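Trainee: Before I ask anything, let me first share the structure, which is written out below as structure tokens.
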Amino acid sequence: MTDRYDNLILTPAQDDASMPPEIAAELERVSESRRRFLQLSGLGALGAIVAGCQGPQMTVAPQPKRTPEVTPGVAYWYASTCTACSAQCGSLLKVRDGRPIKAEGNDLHPMNKGGLCARGQAFVLDLYDPERAKSPLLDGKASDWAGLDKEVIAALQKAKIVRLVSGTQSGPTTLSVIDEFCKKYDARHLVHDAMPLSAIARAHGQTHGLAALPRYRFDLARVIVSFGADFMGSWLSPVEFARQWAEGRKLAEFTPARHVQLEAAMSLTGASADTRLRLPESERGVALVALANAVARKLGKAEPFDAAAPKAVAGVDLESLAGQLAREKGKSLVVAGGNNLHEQLVVNQINMLLENYGQTLDLAHASQQKQGDPEAMEKLLAELESGAVDVLILWGVNPAYDHARGADFAKAIAKARLSVALADRLDETASLCKVVATDLHSLESWNDFEPHKGLFSLAQPAIRPLHGGRQAQESLLVWAGAPRIVWHGNEPEIVGKASGRALKPYREIIKEFWTANLLRGESFEAAVERGYVDRRQAGGTPAGRSVAREAGTQAQQQAGKGFELCLYESVALGDGRQANNAWLQELADPLSKVTWDNYAALSPAGLASLGAAQGDVLTLTAKVNGRDVSLELPAVVQPGMADNAVAVAVGYGRTKACRIAKANSANGVIGANAYPLLAHDTLVSVTLANTGKKAVLARTQEHDSQEGRPLAREVSLAEFVKDPRSVSKVDYPTGTMWAGHAYKGHRWGMVIDLNACNGCSGCIVSCQAENNVAVVGKTEVATRREMAWLRLDRYYSDDKPKDQGAVADNPSVSFQPVMCQHCENAPCETVCPVLATTHSSEGLNQQTYNRCVGTRYCANNCPYKVRRFNWFNYKYDDPSLNLVLNPDVTIRTRGIMEKCSMCVQRIREGKLAAANDGRKLADREIKTACEQSCPTQAIVFGDLNDKSSEASKLAASGRNYVVLGELNVKPAVQYLAKVRNNGDVPPAKS
Amino acid sequence: MNWRLFTVIFLATFGLSFSALASLGDFHLLGNHQDYQPQQPIAYSHALHAGQLGIACEYCHSGAGESRHASVPSLSTCMNCHEQVKGSTAAGQAEIQKIAQMHAANEPVRWVRVHNLPDFVYFNHSAHVNKKVACQTCHGNVQDMAVVKQFSDLSMGWCVNCHRTQNAQDPKLNAPLDCDACHR
């Protein structure tokens, strides 16, 4: 039989007819029944399975012993103080289920009045940072507090030279703790700020006998002249100053303040100035002296300084500027950036001539927001290097990273007999210290502050400590001999010699101090609820002494060669302490729109002179105070810079406690550390060279021109005075073929005042925090897949005719926040095949995530390009960061389109609160996240059906317009044109 | 391939298993958990507490009028009474002892969740409670249930239908029918 089957290889050519018929039939029958059996049993099983499907069991596990004041699902708000930078703005923390998920500005606080910047908004994410230290550490190994305290106290008792370095600390209770510690061990306390403003304090010490920074009042100034001080970006107290600046620009009486900025690099503040002039760093002193002399002349006084250079500075009409200042004597303000003592003395002289002290400069309530002393830090470094220091305590500072001689610091820390870090993570400095007495995060701590003399604010914890940290002040008190509690389960044990004081947690110590010194009969709880205590009284600013002529001569001595360096703190990262914060790394710089990187910004001419283009990697070499420094940075074109200036942001190049760098950089480090280039009082000249390498810049905006379209509109003050309604006149047809929507109840709309928006991007991070907007990472941003619902468009414009291709030397900069415009005739609504996007009965364009199938036709059709698609499941890489998510907003997964919802969860919450209370909704009761956070109150949300609402009034103000109105989509979002006070305008009517 | 036989066998298998499961009282389309009545770790009877003893719903489910969650009560609420009331039957005493022990040990009771909505749905109890919607409207006569059962199907159609009919009856009610009221 075998030979008959041997040839039974079925090829296509062979058909069953060639097989012996009885074998073919047998084969057929057998395979048929086998096949059928398998098919039928498979189908039967499938039928049974489908019929039996059901979901998994879910569990509800309520707290066994309920916290009586807390109802699950209700948000509780705690007043606190933000410590993302040293400005100490008042904040409110929204706590859900025992953890803070959102920060907002405290609207009652007199400093920031409800505004909060990008870094303050992102601060809540740092709390859940998985890189926080989980326990105290001794020699790099987890330790317990008892062992650690024993070691530290033993070292302190033997020590002769003890140094305590902290960041700016202003709170009276904190200072009393530092005092107690220092007295006990004869220790010296130093303050370290990465970017100090000590020269301003020293200058005032010389002129007014008070070595402090004044409290600035930009809102009382009719003319503001800033020589490179980025007072709305990162200088001293940006949120406070931005609000003051915006208040001064009110247009009601057609007399807004005038703001002139003279700077070498393009800053956020400069971009919003009425007049911005390019002034190289090396000429700042010269210009200041010339201005001082010009102002004196206009006021009929003797010139205070000898001008080494000709009176005029190229391109700057100082005479006219002096005239404007002199006309507003007592109502003007001159400030200067940098940290040069002589320049600051000249600034003081100008302000004294203009009689601004006691008006726009207030020394009675001096600012305590920056107390860093670079000279003291230099002395400390010398002491450390000589091996003289026995115990070094570093509290909340990172000099191994953010000091100009950070590398020297890093080596010198080991020379201290005992180095102690009071830090909440193993950053560059803490990882070198023998002892890490893990500190709590600010949001877990009790603290007090005094940002201005007489204005006190509190911070209270919003969550129990997540990890095994201990409040730094408690550590200091324990080491100073206070008794402390050690918990054994639920049983406390009091350890340490009784020092005559009762054992207390730090909260009690603050309460006692405040009750004794500040509260004047008010309860501590009431002060905590409000967040601050204002004890400022009208006070005199001391009379000033004229500045020596010599100061003017010294101020003019800065000589530059090659490129002049401008080091600055970026809006996103500041001094770099939040470098591990993904929200901030992904926040596009308002001017360059670069994310996840720092760079060397140069003017187009400057870059061309190097034969380089944007994205080319440059080497920067400089000799800074005798040290050779070299860095590599990608080049970015920044129109408006002085041609010999190069601007670099500090805060990048972190090597420790920056785990997000691994997935978002070429070599595991985001950007380059520019701190070695910091020379506080001298100009640094750098040499730049093109390496020929190319870097990928992840930018969110690559087109800089409005192409002649009226997108971010601007009018000059003269035009505005002539016809206040000129902006709102439309020249396009407004008829429509659509029937429209009937809004019987509310009709939500928004008005954004471009005259107030300064591009700070606080709104973007606020939106991200509120709406669970994902972080996509550098590669995705570079692929143009950014996720921020709100983008800040930045345009350059000039008066040159369109056909002249090259960018102007000093273009005008405009910002425009753009989010979903919630169009009446929304192009996205008509093209969704599954009706995932529809129009609500209150005027919003609503996106229903569970219906969306990811066609992306809506994004294609949107003329404003405000829709964002989830190309992947953008999860946080560490699940502990999920604690920051807002439970009231759905998490979107891969394949879903999302966009600004006008914070519908806040709208519904507001309406519900009013309905539950049985009252009508008040105007401005509902605030969108972006609106709430804006330091200048540029965004106003409201009911357009209510003619008395602020949004309705602004929408009819005459300065209002819509973007791309000719498309007839009828957006619910309107903009108010910016008014630049840059022409010749008559003096203010006062 | 005998298509007729194929169809018959397939439908028979499917139909038999379908009706078998349906007759067990445990069958619904995917996502619909009406009549779900799982066994709970503690044999708590609403029929006794809410029915016989007349305890108000919001005494235990105190979040209903203030928050989006009505919330399942904590053991401390149980111990308000059961600190003293130790039970009259052996079964009752055993259950009360269980909760007393868990309360002392600070251990939560892991109740099996009966009413659940998908993550993309936002439902707010306080909005309904403050408009005087009775608990029984959606949850059925819980005061008669020894073991809690899901009375309504909690589907979107069921919610929207009620909003529509109530709006028709009371024009001032304004129960939302916008997508973004629940899908945000």
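Trainee: Which of the residues that make up the range A:434-444 are buried (at least 23 other Cβ atoms within 10 Å of the Cβ) and among the polar types (S, T, N, Q)?
Mentor: Selection gives A:438 alone.
Trainee: What number of residues within the range B:46-70 are of a type in the set (Ser, Thr, Tyr) and facing another protein chain (nearest Cβ under 10 Å)?
Mentor: 2
Trainee: Among the residues of the range A:838-861, is there at least one that is within 30 Å of residue A:95 (Cβ to Cβ) and among the charged types (D, E, K, R)?
Mentor: Within the range A:838-861, one or more residues are within 30 Å of residue A:95 (Cβ to Cβ) and among the charged types (D, E, K, R).
Trainee: Which one of these does residue A:769 not meet: (1) more than 22 Å from residue A:120 (Cβ to Cβ); (2) surrounded by 22 or more Cβ atoms within 10 Å (Cβ to Cβ); (3) in contact with a Lys or Arg (Cβ under 6 Å, 6 or more places away or on another chain); (4) of a type in the set (Gly, Ala, Ser)?
Mentor: Result: residue A:769 passes all but (1).
Trainee: With the structure loaded, tell me whether residue B:113 is open to solvent by less than 40 Å² (accessible area, probe 1.4 Å) and within 21 Å of residue A:59 (Cβ to Cβ) or whether it fails that test.
Mentor: So residue B:113 fails the test.
Trainee: Tell me the strands (runs of 3 or more DSSP E) entirely within the range A:514-629 that contain at least 2 residues that are touching a Leu at 6+ places or on another chain (Cβ under 7 Å).
Mentor: Where strands (runs of 3 or more DSSP E) fall fully within the range A:514-629 and carry at least 2 residues being touching a Leu at 6+ places or on another chain (Cβ under 7 Å), they are A:532-534, A:563-569, A:616-624.
Trainee: Just to be sure, is residue A:936 within 12 Å of chain B (Cβ to nearest Cβ) and either over 17 Å from residue A:822 (Cα atoms) or in contact with a Gly (Cβ under 9 Å, 6 or more places away or on another chain) (or both)?
Mentor: In short, no.
Trainee: While we're looking at this one, here's another question. May I ask you to list the residues in the range A:827-865 that are polar (S, T, N, Q) and within 14 Å of chain B (Cβ to nearest Cβ)?
Mentor: A:837, A:838, A:840, A:841, A:845, A:846, A:847, A:848, A:850
Trainee: Which ones in the range A:676-728 are open to solvent by 60 Å² or more (accessible area, probe 1.4 Å), part of a loop (DSSP other than H, G, I, E, B) and not aliphatic (A, V, I, L, M)?
Mentor: Within the range A:676-728, A:681, A:682, A:702, A:703, A:707, A:708, A:709, A:710, A:713, A:725 qualify.
Trainee: Do we find that residue B:55 is in contact (Cβ under 8 Å) with a residue 12 or more places away in the chain, surrounded by 15 or more Cβ atoms within 10 Å (Cβ to Cβ) and aliphatic (A, V, I, L, M) in this structure?
Mentor: Here the answer is no, as residue B:55 does not meet what is asked.
Trainee: Now for a different question. When you scan the range A:665-675, how many residues do you find that are touching a Phe, Trp or Tyr at 6+ places or on another chain (Cβ under 9 Å) and open to solvent by 20 Å² or more (accessible area, probe 1.4 Å)?
Mentor: Residues meeting the conditions: 4.
Trainee: Next question. Suppose the filter is open to solvent by less than 20 Å² (accessible area, probe 1.4 Å), under 24 Å from residue A:181 (Cβ atoms) and modelled with pLDDT under 85; does residue A:483 pass it?
Mentor: When the stated conditions are applied, residue A:483 passes them.
Trainee: Going by the structure shown, is residue B:43 more than 10 Å from chain A (Cβ to nearest Cβ) and not in a helix (DSSP H, G or I)?
Mentor: When the stated conditions are applied, residue B:43 passes them.
Trainee: What pairs can you find where one residue is in the range A:28-42 and farther than 18 Å from residue B:9 by Cβ, the other is polar (S, T, N, Q), and their Cβ atoms are less than 6 Å apart, with a gap of 6+ or different chains?
Mentor: Close Cβ pairs (under 6 Å, with a partner that is polar (S, T, N, Q)) do not exist here.
Trainee: Only one residue in A:275, A:255, A:207, A:269 is hydroxyl-bearing (Ser, Thr, Tyr), over 29 Å from residue A:573 (Cα atoms) and either open to solvent by 20 Å² or more (accessible area, probe 1.4 Å) or within 20 Å of the chain's Cα centre (by Cα) (or both). Which one?
Mentor: A:255
Trainee: May I pose another question? Mind checking which residues of the range A:514-555 are among the hydrophobic types (A, V, I, L, M, F, W, C) and closer than 30 Å to residue A:206 by Cβ?
Mentor: A:538, A:543, A:547, A:548, A:551, A:555
Trainee: Which one of B:109, B:133, B:114, B:129 is within 14 Å of another protein chain (Cβ to nearest Cβ) and touching a Phe, Trp or Tyr at 6+ places or on another chain (Cβ under 8 Å)?
Mentor: Every option except B:114 fails the conditions.
Trainee: So which residues in the range A:842-890 are at pLDDT 95 or above, under 15 Å from residue A:775 (Cα atoms), open to solvent by 70 Å² or more (accessible area, probe 1.4 Å) and touching a helix residue (DSSP H, G or I) at 6+ places or on another chain (Cβ under 9 Å)?
Mentor: A:871, A:872
Trainee: Considering the range A:19-37 alone, what residues qualify as being of a type outside the set (Phe, Trp, Tyr) and within 12 Å of chain B (Cβ to nearest Cβ)?
Mentor: A:28, A:31, A:32, A:33, A:35, A:36
Trainee: So in the range B:132-184, with the set limited to residues that are more than 21 Å from the chain's Cα centre (by Cα) and of a type in the set (A, V, I, L, M), which one is surrounded by the fewest Cβ atoms within 10 Å (Cβ to Cβ)?
Mentor: My answer is B:168.
Trainee: Moving on to the next point. In the range A:819-841, which residues are β-branched (Val, Ile, Thr) and surrounded by fewer than 21 Cβ atoms within 10 Å (Cβ to Cβ)?
Mentor: Hits for the range A:819-841 are A:830, A:831, A:834, A:838.
Trainee: Take the residues in the range A:346-363 that are of a type in the set (A, V, I, L, M, F, W, C) and under 20 Å from residue A:86 (Cα atoms), then tell me which one is surrounded by the most Cβ atoms within 10 Å (Cβ to Cβ).
Mentor: A:361
Trainee: I've got another one for you. Would you mind telling me which numbered condition in (1) open to solvent by 80 Å² or more (accessible area, probe 1.4 Å); (2) not in a loop (DSSP other than H, G, I, E, B) residue B:49 fails?
Mentor: Exception for residue B:49: condition (1).
Trainee: Now for a different question. Count, please, the residues in the range A:60-91 that happen to be hydrophobic (A, V, I, L, M, F, W, C) and surrounded by fewer than 23 Cβ atoms within 10 Å (Cβ to Cβ).
Mentor: 7
Trainee: Quick test for you: out of A:300, A:338, A:323, pick the one residue that is on the phi > 0 side of the Ramachandran plot and either surrounded by fewer than 20 Cβ atoms within 10 Å (Cβ to Cβ) or among the aliphatic types (A, V, I, L, M) (or both).
Mentor: A:300
Trainee: While we're here: Need a quick list: strands (runs of 3 or more DSSP E) entirely within the range A:190-263 having at least 3 residues that are among the aliphatic types (A, V, I, L, M).
Mentor: Filter on the range A:190-263 gives A:223-227.
Trainee: Which one of A:173, A:168 is open to solvent by less than 10 Å² (accessible area, probe 1.4 Å) and out of contact with any Gly (no Cβ under 6 Å at 6 or more places or on another chain)?
Mentor: Result: A:173 is the single residue among A:173, A:168 that is open to solvent by less than 10 Å² (accessible area, probe 1.4 Å) and out of contact with any Gly (no Cβ under 6 Å at 6 or more places or on another chain).
Trainee: Which condition number in (1) in a helix (DSSP H, G or I); (2) at pLDDT 80 or above is the one that residue B:18 fails?
Mentor: (2)
Trainee: Could you give every pair whose Cβ atoms fall below 6 Å, whose first residue belongs to the range A:518-540 and is over 12 Å from residue A:457 (Cβ atoms), and whose second residue is among the charged types (D, E, K, R), counting only separations of at least 6 or pairs across chains?
Mentor: Here the result reads A:524/A:511, each pair linking the range A:518-540 to a residue that is among the charged types (D, E, K, R).
Trainee: I've got another one for you. Could you give every pair whose Cβ atoms fall below 6 Å, whose first residue belongs to the range A:181-199 and is under 25 Å from residue A:480 (Cα atoms), and whose second residue is small (Gly, Ala, Ser) and not in a loop (DSSP other than H, G, I, E, B), counting only separations of at least 6 or pairs across chains?
Mentor: That search, which allows pairs on different chains as well, returns A:190/A:376.
The values are calculated or read from the model by the stated rules, or taken from the named source; none is laboratory data. Everything numeric here is computed off the predicted structure, so don't read it as measured data. Don't worry about glycine lacking a Cβ; one is built from the backbone with ideal geometry, like all the others, and counts go over all protein chains shown. Only protein heavy atoms, including side chains, enter the accessible area calculation; ligands, DNA and RNA are left aside. Shrake-Rupley method; radii C 1.70, N 1.55, O 1.52, S 1.80 Å.
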